[in-house]
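Read through the structure below, which is laid out as structure tokens, and then see the notes.
The values are calculated or read from the model by the stated rules, or taken from the named source; none is laboratory data. Being a predicted model, the structure only gives us computed values, none of them experimental. Cβ sites come from the backbone with ideal geometry, for glycine too, and all protein chains shown count toward neighbours.
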Amino acid sequence: MQKTFDIPREKMTNEELLQPGMLSCQGCGAALSMKLALKGLGERTMIVIPASCWGIIIGTYPYSTLQVPVIHVPFETAAVVASGIRAALDVRGEADITVMAWAGDGGTYDIGLQSLSGAAERNDDILYVCYDNEAYMNTGIQRSSATPPGAWTSTTPAGALKEEPKKDMEMIMLAHGVPYVASASVAYPDDLVRKFEKARNIKGTRFIHLLSSCPPGWRIDSAVSVKVTRMATQSCVFPIYEIEKGKYTVNVLPEERLPVEDYLQAQGRFREMGKEMIRAVREQVDQRWLELLARADPGKNQASFD
Amino acid sequence: MKQVIKGNIAVSHGVRLSRVKVISAYPITPQTSIVEDLSEMCATGRLDAQFIKVESEHSAMAAVVGSETAGVRSFTATSSQGLLLMHEMLHWAAGSRLPIVLTNVNRSVGPGWNIWADQTDSVSQRDTGWIQIYCESNQEVLDSVIMGYRLAEEVSLPVMVTYDAFFLSHTSEVVDIPEIEEVDAFLPAFEPRYRLDVNDPRMFGGMIGPDYFYEERFVMHKDSMEAVNVYPRICEAFEQAFGRQYDVCETYRTEDADLILVTAGTITSVSRIAVDDARKAGKKVGLMKIRMFRPVPLDRWRESLGNALRVVVVDRNISAGLGGVFASEVKSALFSLEKRPSVYSVIAGLGGRDVTPQDMSGIIEHVLAADGPGERPVFWGLKE
Amino acid sequence: MNIDERRKRARLYDFKTWRDFPPMNVSMGNMLHNRTGSWRFIRPVYEDKIPACQNSCPAGNDIEAWIKLVQRGEHEKAYWHLKREEPFPAILGRVCFRFCEGSCNRVQLDEGISIRELERFVGDLVPSSTPHPELHPFNGKSLCVVGSGPAGMSAAYFARILGFQVTVFERLPEFGGMLRVGIPAYRLRRDIVEQEFEGLRSMGIDLKPNTAVGKDISLGECLERFDYLFLAPGVHGSRKLGIPGEEENPNMMSGLNLLRAIALGEKVHLGEQVIVVGGGDTAIDAARSAVRLGSHVTVLYRRTEAEMPAHPDEIAEAREEGINFRFLAAPDRIETRGKNSVQKLVCCEMELGRPDESGRRRPVRKEGAAFDLEAETIVTAIGETAAFEPMARTLEETGGALEVDEELCVKSRQEGRGRVFAGGDIVDGPHTVVHAVAAGKRAAVAIDCHRKGVESSEVLKKISVGDGVGLSFSAYMGWQPLNPVPGNLKTVVRSEHIVYDYFQKAPRIRNSPLPAVQRKASFDPYVETFSEEQALGEAGRCMHCGRCTECDNCLVLCPDVSVLVKGQGEFGYVFDYNYCKGCSICFTECPRHAITMADEEIAV
């Protein structure tokens, strides 16, 4: 009978590079992201994990839930430690091993931005993945520059909600001229696995941005963890696309666009947003979506919403 | 083969001869010619290594943490602000038990921008767990890099080789550069016990609770203290191979000395002259050179200094609110002796201010004439 | 990887002194010792449920399962799966009212599945006299079925499977009841009905035509000869209009009589203009039959089209065939031209007033709004009534329907207590074919319970499907469901439980009926059966609500790698409860609601 996702059964059952017993919360999007990413990458992978939720999820010494080599590193160094490992592997003649930096939004957008920028400018042959739960979740839900406007966090409480727009990390990476930039999420798992398979075979700095739901931080029931992630794409808040050597492809075109309000109202963290702010966010999302469509298909006239 | 080279070039020779495979460095005066020379070597193929041109010193150390964990001999160099910026990573490197060698050009720490010789940068990193070696000459710098890798890889701790800005980094001296085959015989290939390996996947540096962290730090400290015994053996092997003698510390004319100067860096060279002058004048003066500063060679220091009446520690560094760091550590080492010499603390040469043989002779005189050491260090040459 | 292998790989490390530590901070093992299943307070279980289609089917047909078999290319298995719950797929595949299609959850996505067409496809594939695989040996009891309509046929069929010795008495020369004499041939070919009876005969059921119970054999005799009786004579009388001019006249007839005459091959002459009074399927059948005999037909209905009980598709096709509809009109009197002819029908306009007991708005005469309609024949189809002679008195007392108790026994002092059962239209009033089939199934089970000395009402409750009237004969027989997964017979999966995001729109496959002008030229059927390709295509649109299809969603989306494939060629998955945290993502993302979240048992 037909599988929902275009992922062969053997791929899901052949090996367990991620084993259970991990310390993630119920419904953790980051745990699911790692599981699926490794399905695309396989066992010839090394992972660099800076301070972030995954620093804890993996388990406590002397145990690790991952069956690939992992090195924990200080918060801001994921990209450059990966670069160092890559140099060493090249010296050893092991060029087919993927070195992946697996960092949260804090370690990418904020404190880790410098080392990421350095690695990207050098086009170091690493795969950099930002699993983005849109706040410093590991330390208790504080805002980052990846936190979307209107979201409650412990440092943007009601009355002082974050107003600044979310940094556009894909564009920042693109500005470095790297060969591959993509966004993905567990709500479209076959697309995610495919992107990791593809990224594995590209040389140079590859950047994948994963929207990673966090039930405690987003104030949602763990049961709807994947559903809300899907709503992010259906409402065009989190478009799923890839840019390969400057060429844009939008991978998920929502058949029926979900209103942005539905996405916001599904999460407790947006409960304090006023109508004005919702309207502003909706406009921002619309604008960015249209720009993206235009870049993906410059020949077409600018799309409009009917 | 003997050549006349600057200190920084001696470093790059040391790196080449040690067959370093990954270099990651960020330029900062007065370390820049190391970086430039190594880039040139890598570009011409004279050195077969990957050079990651990182965007900051913090990243420089992070990169070599990565490459060493992947099992490849790695190197970085820095100075002053760069070393300070690396501070978090220095702790990380030592705690990770990675045998990195770092050469640090001792330059003062801002603000104001002062680029000249001062040891405050490296002494302020003494708690990071790194082994620290202080050099007096360009030959010593080259030799210390090579010995540094052997020591680091034997005890699994990183080694910091330091030397004075401009006095050594940019001053040419005669250096006997060994042949690479000779160094190969002395320094074997790097064989890590654990490394990032897809055939033996493990997690490095993970979360560790109060039930285990304590013992890890204990082991690190124990292994560091053990380096005091390992290093002399390495120095002996080095002497056999290359004919040059080194130790954890060196004494000069201290056998019957009543007053012993304690110095590190180029002040040592200057002090030797002052010691000879004092001896000529009939004063029983000697000198202990600090080479290994971390771990502290407690027994050797006590041995070298214990019989003197007066010990004069000259610090080209300052820990504001305490005084000279070497003085504080020497006092601490001597504290357990039943019969303790008086320890005099002198601060000199901060920010590259010249310390001449005359200065050193003056210090000797000052100390001989003083009643006692006094609480406070003497700021030699202070404009008052 | 399976659960046991995982457990074996768990290992604890205990560093007692600093000497036990590795020389650097490096891991030694995995986290499998950490059984995160202890975090749960609810746990997922695989539990197949009842899809909306099966719930709304009066016979409780396990639609999802046989469609799945069609998808797998196992058409013959699909046929026998259909036969578990109903006796004649070839018939129902042509005439069923299709309650299932109306409630199909796919309606919210694009269009419902063409279930009846699929049933027809399957029904036509296997000859009806193929030996039934599930026949029990003779259980020692005999059953007499009165009436060979769908209720009687169904009871005979299921009773035979249960091992009863079955005899069916039919008063007409032809078998089938409404199937044969009520439904026109263009909807249900004669030969198909005949073939199905051949099938029943080959099962060992004794079929006796031309035997009217009450005339050729008395009820008392039946009671003597047989252990059990099932009365299913149907309702073949027709309600009178009750208006002046309505008398015995060959040009005044009931719809049922017209249809029966045509069915039995009698000559019928209707004339140019025909009026059919009524709004149900009988009215439409009569009207469309009249058209095929060459008349112009007007259908008169006292309410509006929206309230017509006939199937909307039937109404549409009738209209295409040139039938006029006159709504909100009722007949007042009939004017004749002499004794044997009808000249015109005087009618009155109506308007809708307040709702009656059926929930529909009661029509009220509009004063002063009379009009005439010319006609040569008037056909009345305003409701069927019981015409069962042997119990005419009881029927008069009970207002035209036989009353039965919880055990489906007829409530009556005269007949043998607990041995006379009844079902179908005679009990429920005029209903659809599938309702009759359901009644027959219900009776067979009730009778079998009686034979075993077991209270049937409890049993019937236990095997009832969802919240409808359907029964699962498979549950009664203990037959394994298609999916080897624990099943819940009561929980219904409706559209709010389906995750439509996981389904792509696809147009409904249907064969167009022949154009009206061709259709009305004969009594031949006018819609082709599905081809193999069409059947596979349409079966492929089934969302399998409430039933696992091994779509792998749970396997892919479990963040804790706690869904494992059973493996070794076995169907489905197993949860590794050692690690499952009860996050419920599998539950939410199962496209078809085949997982249930159950309370975790807490050991006290």
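Just give me the residues in region B:361-384 being surrounded by 18 or more Cβ atoms within 10 Å (Cβ to Cβ) and more than 23 Å from B:Asp121 (Cβ to Cβ), in sequence order.
Once the filter is applied, which keeps residues that are surrounded by 18 or more Cβ atoms within 10 Å (Cβ to Cβ) and more than 23 Å from B:Asp121 (Cβ to Cβ), region B:361-384 yields B:Ser361, B:Ile363, B:Ile364, B:Val367, B:Pro373.
Of all residues in region C:510-535 being in contact with a helix residue (DSSP H, G or I) (Cβ under 7 Å, 6 or more places away or on another chain) and part of a helix (DSSP H, G or I), which is modelled with the lowest pLDDT?
Ranking the candidates gives C:Ala516 first.
Consider B:Arg46 carefully, then state whether it is in the same structural domain as B:Asp121 (by TED's automatic domain parsing) and surrounded by fewer than 19 Cβ atoms within 10 Å (Cβ to Cβ).
yes
Among the residues of region C:576-599, are any exposed (fewer than 15 other Cβ atoms within 10 Å of the Cβ) and in contact (Cβ under 8 Å) with a residue 40 or more places away in the chain?
Looking through region C:576-599, at least one residue is exposed (fewer than 15 other Cβ atoms within 10 Å of the Cβ) and in contact (Cβ under 8 Å) with a residue 40 or more places away in the chain.
Being outside any helix (DSSP H, G or I) and of a type in the set (D, E, K, R) is the requirement here; does C:Lys16 meet it?
yes
For region A:99-119, enumerate the residues that are in contact with a Gly (Cβ under 8 Å, 6 or more places away or on another chain) and either at positive phi or outside any loop (DSSP other than H, G, I, E, B) (or both).
Scanning region A:99-119 gives A:Ala103, A:Gly106.
Looking at (1) touching a Gly at 6+ places or on another chain (Cβ under 8 Å); (2) surrounded by 22 or more Cβ atoms within 10 Å (Cβ to Cβ); (3) not in a strand (DSSP E or B), find the lone condition where B:Ile260 falls short.
In the conditions (1) touching a Gly at 6+ places or on another chain (Cβ under 8 Å); (2) surrounded by 22 or more Cβ atoms within 10 Å (Cβ to Cβ); (3) not in a strand (DSSP E or B), B:Ile260 misses (3) alone.
Being within 11 Å of chain A (Cβ to nearest Cβ) and either assigned to a strand (DSSP E or B) or within 22 Å of C:Tyr79 (Cβ to Cβ) (or both) is the filter here; which residues of region C:22-66 pass it?
Once the filter is applied, which keeps residues that are within 11 Å of chain A (Cβ to nearest Cβ) and either assigned to a strand (DSSP E or B) or within 22 Å of C:Tyr79 (Cβ to Cβ) (or both), region C:22-66 yields C:Val26, C:Gly29, C:Ile42, C:Pro44.
Filter region C:283-324 down to residues that are touching a helix residue (DSSP H, G or I) at 6+ places or on another chain (Cβ under 7 Å) and either hydrophobic (A, V, I, L, M, F, W, C) or in contact (Cβ under 8 Å) with a residue 40 or more places away in the chain (or both), then give me how many there are.
Number of matching residues: 18.
Which of the residues belonging to region C:126-159 are in a strand (DSSP E or B) and surrounded by fewer than 18 Cβ atoms within 10 Å (Cβ to Cβ)?
C:Ser142
Tell me which residues, restricted to region C:263-309, are more than 19 Å from C:Leu345 (Cβ to Cβ) and basic (Lys, Arg).
C:Lys267, C:Arg288, C:Arg292, listed by residue number.
Would you tally the residues in region A:24-39 being more than 7 Å from every other protein chain (Cβ to nearest Cβ) and basic (Lys, Arg)?
Residues flagged as more than 7 Å from every other protein chain (Cβ to nearest Cβ) and basic (Lys, Arg) within region A:24-39 amount to 1.
Is one or more of the residues making up region B:137-145 in contact with a Phe, Trp or Tyr (Cβ under 8 Å, 6 or more places away or on another chain), assigned by TED's automatic domain parsing to the domain that holds B:His13, part of a helix (DSSP H, G or I) and of a type in the set (Gly, Ala, Ser)?
Looking through region B:137-145, at least one residue is in contact with a Phe, Trp or Tyr (Cβ under 8 Å, 6 or more places away or on another chain), assigned by TED's automatic domain parsing to the domain that holds B:His13, part of a helix (DSSP H, G or I) and of a type in the set (Gly, Ala, Ser).
Scan (1) at pLDDT below 95; (2) among the aromatic types (Phe, Trp, Tyr); (3) under 30 Å from C:Val465 (Cα atoms) for the single condition C:Tyr46 breaks and write down its number.
(1)
Considering only residues that are in a helix (DSSP H, G or I) and out of contact with any Leu (no Cβ under 9 Å at 6 or more places or on another chain), look in region B:149-194 and name the one that is surrounded by the fewest Cβ atoms within 10 Å (Cβ to Cβ).
Filtering region B:149-194 for residues that are in a helix (DSSP H, G or I) and out of contact with any Leu (no Cβ under 9 Å at 6 or more places or on another chain), the one surrounded by the fewest Cβ atoms within 10 Å (Cβ to Cβ) comes out as B:Glu181.
Considering each of B:Ala43, B:Ala49 in turn, give the residue that is of a type in the set (Gly, Ala, Ser), more than 19 Å from the chain's Cα centre (by Cα) and either within 11 Å of another protein chain (Cβ to nearest Cβ) or within 12 Å of B:Arg73 (Cα to Cα) (or both).
Checking each option against the conditions leaves just B:Ala49.
Looking only at residues in region A:40-96 that are hydroxyl-bearing (Ser, Thr, Tyr) and within 18 Å of B:Ala93 (Cβ to Cβ), which one is nearest to the other protein chains (Cβ to nearest Cβ)?
Per the criteria, the residue is A:Thr77.
Go through region A:1-17 and give me each residue that's buried (at least 20 other Cβ atoms within 10 Å of the Cβ) and more than 7 Å from chain C (Cβ to nearest Cβ).
A:Leu17
Taking the conditions exactly as written (under 30 Å from A:Phe5 (Cα atoms), more than 14 Å from chain A (Cβ to nearest Cβ) and either of a type in the set (A, V, I, L, M) or touching a Cys at 6+ places or on another chain (Cβ under 7 Å) (or both)), does C:Leu460 satisfy them or not?
No; evaluated as a whole, the condition is false for this residue.
Taking A:Pro20 as the residue in question, decide whether it is facing another protein chain (nearest Cβ under 8 Å) and in contact (Cβ under 8 Å) with a residue 40 or more places away in the chain.
For A:Pro20, the condition - facing another protein chain (nearest Cβ under 8 Å) and in contact (Cβ under 8 Å) with a residue 40 or more places away in the chain - is met.
Quick check, is B:Gly71 at pLDDT 95 or above, touching a helix residue (DSSP H, G or I) at 6+ places or on another chain (Cβ under 7 Å) and crowded, with 24+ Cβ neighbours inside 10 Å?
no
Can you name the number of the only condition in (1) modelled with pLDDT of 95 or more; (2) loosely packed, with under 15 Cβ neighbours inside 10 Å; (3) not acidic (Asp, Glu) that C:Arg9 fails?
Of the numbered conditions (1) modelled with pLDDT of 95 or more; (2) loosely packed, with under 15 Cβ neighbours inside 10 Å; (3) not acidic (Asp, Glu), the odd one out for C:Arg9 is (1).
Can you work out which of the residues in region C:581-596 that are within 8 Å of chain A (Cβ to nearest Cβ) and of a type outside the set (Phe, Trp, Tyr) is nearest to the chain's Cα centre (by Cα)?
That would be C:Pro591.
Kindly indicate the residue of region C:550-580 that is within 7 Å of chain A (Cβ to nearest Cβ) and part of a helix (DSSP H, G or I) and also nearest to A:Ser222 (Cα to Cα) among those meeting that condition.
C:Leu557
Where in region A:205-267 are there helices (runs of 4 or more DSSP H), lying wholly inside it, with at least 1 residues that are free of Cβ contacts under 8 Å to residues at least 40 places away in the same chain?
Qualifying helices (runs of 4 or more DSSP H): A:225-234, A:260-265.
For the structure I just gave you, tell me whether C:Phe175 is surrounded by 22 or more Cβ atoms within 10 Å (Cβ to Cβ), free of Cβ contacts under 8 Å to residues at least 40 places away in the same chain and not in a helix (DSSP H, G or I).
Spelling it out, C:Phe175 is indeed surrounded by 22 or more Cβ atoms within 10 Å (Cβ to Cβ), free of Cβ contacts under 8 Å to residues at least 40 places away in the same chain and not in a helix (DSSP H, G or I).
Can you tell which of B:Met220, B:Met207 is closer than 30 Å to A:Thr60 by Cα and within 14 Å of chain A (Cβ to nearest Cβ)?
Matching residue, one of B:Met220, B:Met207: B:Met207.
Of all residues being away from every other protein chain (no Cβ under 11 Å) and part of a helix (DSSP H, G or I) in region A:188-204, which is surrounded by the fewest Cβ atoms within 10 Å (Cβ to Cβ)? Just the residue, please.
Among residues in region A:188-204 that are away from every other protein chain (no Cβ under 11 Å) and part of a helix (DSSP H, G or I), the one surrounded by the fewest Cβ atoms within 10 Å (Cβ to Cβ) is A:Glu197.
Given the criterion among the hydrophobic types (A, V, I, L, M, F, W, C), crowded, with 23+ Cβ neighbours inside 10 Å and more than 22 Å from C:Phe503 (Cα to Cα), identify the matching residue among C:Val561, C:Val527.
Answer to the check: C:Val561.
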